[in-house]
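The values are calculated or read from the model by the stated rules, or taken from the named source; none is laboratory data. Note that this is a predicted model, so its numbers are computed, not measured. No Cβ is skipped: glycine too gets one built from the backbone with ideal geometry, and neighbour counts run over all protein chains shown. Accessible surface is based on the protein model in full, side chains and every heavy atom, while ligands, DNA and RNA are left aside. Shrake-Rupley method; radii C 1.70, N 1.55, O 1.52, S 1.80 Å.
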Amino acid sequence: MATTNGMLREGALKGQVIVITGGGTGLGRSMAEAFLRLGAGVCITSRKLEVLQATAAELEKTTGGTVLPVACDVREWRDVDRMLEQVLAKFGHVDALVNDAAGNFISPTERLSSKAFETIIGIVLMGTVNCTLAFGKHWIAKGERDKKVLNITTTYAWTGSGYVVPSACAKAGVLALTRSLAVEWAKYGIRTNAIAPGPFPTKGAWQRLLPGELVEQFDMAKRVPLGRVGEHRELTDLASYLVSPFSSYINGEVVTIDGGEWLKGAGQFNMLDAVEPSMWDAIERMVRGTRGS
Ligand code: HXC
Ligand code: NAP
């Protein structure tokens with residue numbers, strides 16, 4: 001059962017400035033709200049300024065915090081540099097970068113053009129690289145320490161997945177980036193971690209991954225041992241912890257938050273969940289009956 005109150009105490013992120021790419025919608029928006037409630041100043045960025053402005057106005061109203069909306073296509077490093085300049089002009093410093101922006105859609109791979117791959121890899125992998133490089137270089141040049149990069153990846157970053165192959169390739173790259181920089185940049189006081197969410201309903205993901213009747217045909221909750229999809233609060237608590245000082249010794253970790261979904265798919269005999277409990281006596285007799293044979 002998910003809690004309704006946030007995990008961290010009030011003011012846990014006070015004084016921090018956190019940039020969230022893809023922060024105007026979905027999980028990025030939910031993280032922005034959670035960080036604001038804990039006292040952080042937040043910049044939300046994506047391509048659509050009007051969406052960002054509307055989100056910023058709503059979040060400022062509901063939380064009383066400060067939100068800077070900045071249009072920025074993470075595929076364009078010049079955009080990213082300009083976004084960082086705006087953040088510094090507004091807040092004077094920046095403490096954490098959450099790489100949440102993503103692009104994805106389902107398709108048999110043989111239907112995809114090279115441009116389709118380039119688009120997804122451009123947003124997910126190169127977008128994360130562009131932002132991480134800009135922020136990391138800034139922190140290193142200034143000698144500022146105690147900084148955090150939090151990447152949002154997926155569980156198919158390590159299993160792979162058909163029908164979302166550009167995304168799987170890109171998210172695997174993000175995972176490699178996370179683990180590599182966690183070691184290389186630790187000496188600069190930069191912690192790099194990742195979250196691998198299972199299914200968390202958002203308009204952006206559901207429209208592109210479960211369009212039309214697919215949403216009824218493939219009930220995501222049925223894939224999850226806990227029997228349900230995730231609640232945004234569950235992910236935002238984890239994200240808040242990972243950008244907070246309470247996680248100061250966690251570096252290079254990818255935290256899976258999926259109710260056990262990917263392990264269910266991986267364990268060879270997990271399909272036996274489908275066996276009726278009343279069948280187990282007969283099955284046991286059959287198995288025991290094979291002794292000596
Ligand atoms: C085949 C497609 C396609 C489709 C686009 N393309 N959609 N090919 N099937 N359904 C091809 C186009 O034909 C084009 O190639 C190339 O991809 C680029 O498409 P554009 O539409 O020009 O790109 P763009 O306008 O930049 O839009 C990017 C987008 C779009 C990714 C296609 O969906 C978007 O803006 N998404 C942002 C939000 C999002 O995707 N959120 C979901 C994240 S969910 P050609 O060769 O024709 O020029 C997520 C969850 C993971 O990551 C795990 C869930 C459990
Ligand atoms: P979402 O609402 O569609 O979020 C994606 C965001 O990325 C949007 O705000 C979009 O805004 C932004 N974006 C796309 N292209 C961009 C670009 N070129 N430059 C800057 N911003 C760009 O979907 P979501 O479900 O919340 O996904 C958030 C993160 O969680 C993603 O990393 C996703 O892979 C991950 N995830 C989600 C789930 C899930 O079940 N929801 C599961 C696993 C992982 P604009 O269109 O305005 O640019």
*With respect to A101, is the statement that it is hydrophobic (A, V, I, L, M, F, W, C), in contact with a strand residue (DSSP E or B) (Cβ under 7 Å, 6 or more places away or on another chain) and under 25 Å from T202 (Cα atoms) true?*
yes
_So, in region 68-107, exactly how many residues are away from ligand 2 (no atom under 12 Å from the Cβ) and open to solvent by 40 Å² or more (accessible area, probe 1.4 Å)?_
12
*Hey, could you check region 200-221 for residues that are surrounded by 15 or more Cβ atoms within 10 Å (Cβ to Cβ), under 15 Å from H232 (Cβ atoms) and touching a residue at least 12 places away in the same chain (Cβ under 8 Å) and say which is farthest from ligand 1 (Cβ to nearest atom)?*
P201
*Any pair with Cβ under 6 angstrom, 6 or more apart, that starts in region 31-57 at a residue that is in contact (Cβ under 8 Å) with a residue 40 or more places away in the chain and within 11 Å of I18 (Cα to Cα) and ends at one that is among the polar types (S, T, N, Q) and assigned to a helix (DSSP H, G or I)*: M31/T236
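What tally of residues in region 105-156 results from selecting those that are free of Cβ contacts under 8 Å to residues at least 40 places away in the same chain and within 16 Å of ligand 1 (Cβ to nearest atom)? Steps first, please.
Initially, region 105-156 is screened for residues free of Cβ contacts under 8 Å to residues at least 40 places away in the same chain, giving 110-111, 113-115, 118, 137, 141-143.
Imposing the further condition that a residue be within 16 Å of ligand 1 (Cβ to nearest atom) reduces the set to 110-111, 113-115, 118.
Count: 6.
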*Identify, by number, the condition in (1) free of Cβ contacts under 8 Å to residues at least 24 places away in the same chain; (2) within 13 Å of ligand 1 (Cβ to nearest atom) that V164 doesn't meet.*
(1)
*For region 167-179, how many residues are under 15 Å from G103 (Cβ atoms), open to solvent by less than 50 Å² (accessible area, probe 1.4 Å) and touching a residue at least 24 places away in the same chain (Cβ under 8 Å)?*
5
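List the helices (runs of 4 or more DSSP H) inside region 196-293, counting only whole elements, that have at least 2 residues being among the small types (G, A, S) and on the phi < 0 side of the Ramachandran plot. I'd like the intermediate steps shown before the answer.
Numbers: elements: 203-209, 214-217, 232-243, 261-266, 280-288.
The helices (runs of 4 or more DSSP H) meeting that bar are 203-209, 232-243, 261-266.
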*In region 32-42, what count of residues is obtained for those that are assigned to a loop (DSSP other than H, G, I, E, B) and open to solvent by 10 Å² or more (accessible area, probe 1.4 Å)?*
2
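Of Y163, Y156, Y188, which residue is modelled with pLDDT of 95 or more, at negative phi, over 13 Å from the mean Cα position of the chain (by Cα) and of a type in the set (F, W, Y)? So that I can check it myself, show each step before the final result.
Details: Y163 fails: at negative phi; Y156 fails: over 13 Å from the mean Cα position of the chain (by Cα).
Only one candidate passes the filter, namely Y188.
Consider V224 carefully, then state whether it is among the aliphatic types (A, V, I, L, M) and touching a strand residue (DSSP E or B) at 6+ places or on another chain (Cβ under 6 Å). Step through it out loud before you land on a result.
Numbers: among the aliphatic types (A, V, I, L, M): yes; touching a strand residue (DSSP E or B) at 6+ places or on another chain (Cβ under 6 Å): no.
No: the conditions fail for V224.
Let's see how each residue does on (1) among the hydroxyl-bearing types (S, T, Y); (2) open to solvent by 70 Å² or more (accessible area, probe 1.4 Å):
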position: N5; (1), (2): no, yes
position: V19; (1), (2): no, no
position: S30; (1), (2): yes, no
position: T45; (1), (2): yes, no
position: K61; (1), (2): no, yes
